[in-house]
Amino acid sequence: MAEALQPAELEKELKELKGWSVEGDKLTKQFSFADFRQAMAFMVRVAFEAEEQAHHPEFFNVYKDVRIQLATHDAGGKITLKDIALAKRIDAI
């Protein structure tokens with residue numbers, strides 16, 4: 001079972017994640033693209049990366065905007081290092 005990050009650990013990790021924030025118990029970031037097609041292509045690329053890591057984000061899409069939220073079910077829906085790792089991979093996309 002994954003361990004939820006403690007507040008000090010989470011604060012440290014957030015400093016290395018540009019544009020990510022915590023909403024409730026979820027790591028969250030908003031992305032904006034030129035159009036719907038680019039937004040969907042991004043979501044598909046993230047989906048392949050997430051599947052490879054066996055960790056699946058929550059996606060919210062409206063036209064060219066995508067919001068992603070990450071939390072680990074095995075940790076009671078809290079943020080873990082697994083979420084941090086996926087956030088870094090998403091940013092690399």
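The values are calculated or read from the model by the stated rules, or taken from the named source; none is laboratory data. All values reported here derive from a predicted model rather than from experimental measurement. Every residue, glycine among them, receives a Cβ derived from its backbone with ideal geometry; neighbour counts consider all protein chains shown.
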Could we say that A34 is small (G, A, S), touching a residue at least 12 places away in the same chain (Cβ under 8 Å) and in a helix (DSSP H, G or I) here?
no
Pull out all pairs, ordered by first then second residue, where Cβ-Cβ is under 7 Å, the residues are six or more apart or on different chains, the first lies in the range 44-73 and is closer than 13 Å to A87 by Cα, and the second is in a loop (DSSP other than H, G, I, E, B) and of a type in the set (G, A, S).
A71/G77; T72/A2
Counting only residues that are exposed (fewer than 14 other Cβ atoms within 10 Å of the Cβ) and either of a type in the set (D, E) or in contact with a strand residue (DSSP E or B) (Cβ under 6 Å, 6 or more places away or on another chain) (or both), how many does the range 31-55 have?
4
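Every residue, every condition in (1) at pLDDT 95 or above; (2) closer than 18 Å to I79 by Cα; (3) among the polar types (S, T, N, Q), yes or no:
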{"residue": "A2", "(1), (2), (3)": "no, yes, no"}
{"residue": "L5", "(1), (2), (3)": "yes, yes, no"}
{"residue": "A8", "(1), (2), (3)": "yes, yes, no"}
{"residue": "E13", "(1), (2), (3)": "yes, yes, no"}
{"residue": "L17", "(1), (2), (3)": "yes, yes, no"}
{"residue": "F36", "(1), (2), (3)": "yes, no, no"}
{"residue": "A41", "(1), (2), (3)": "yes, no, no"}
Residue among I90, I84 that is under 20 Å from Q6 (Cα atoms) and at pLDDT 95 or above:
I84
Where the second residue is modelled with pLDDT of 95 or more and hydroxyl-bearing (S, T, Y) and the first is crowded, with 17+ Cβ neighbours inside 10 Å and lies in the range 2-30, which pairs have Cβ atoms under 8 Å and are six or more apart or on separate chains?
A4/T72; A4/T80; L5/T80; L14/S21; W20/T28; L27/S21; T28/S21; K29/S21
Failed item, numbered, when Y63 is tested on (1) over 14 Å from I93 (Cβ atoms); (2) surrounded by 12 or more Cβ atoms within 10 Å (Cβ to Cβ)
(2)
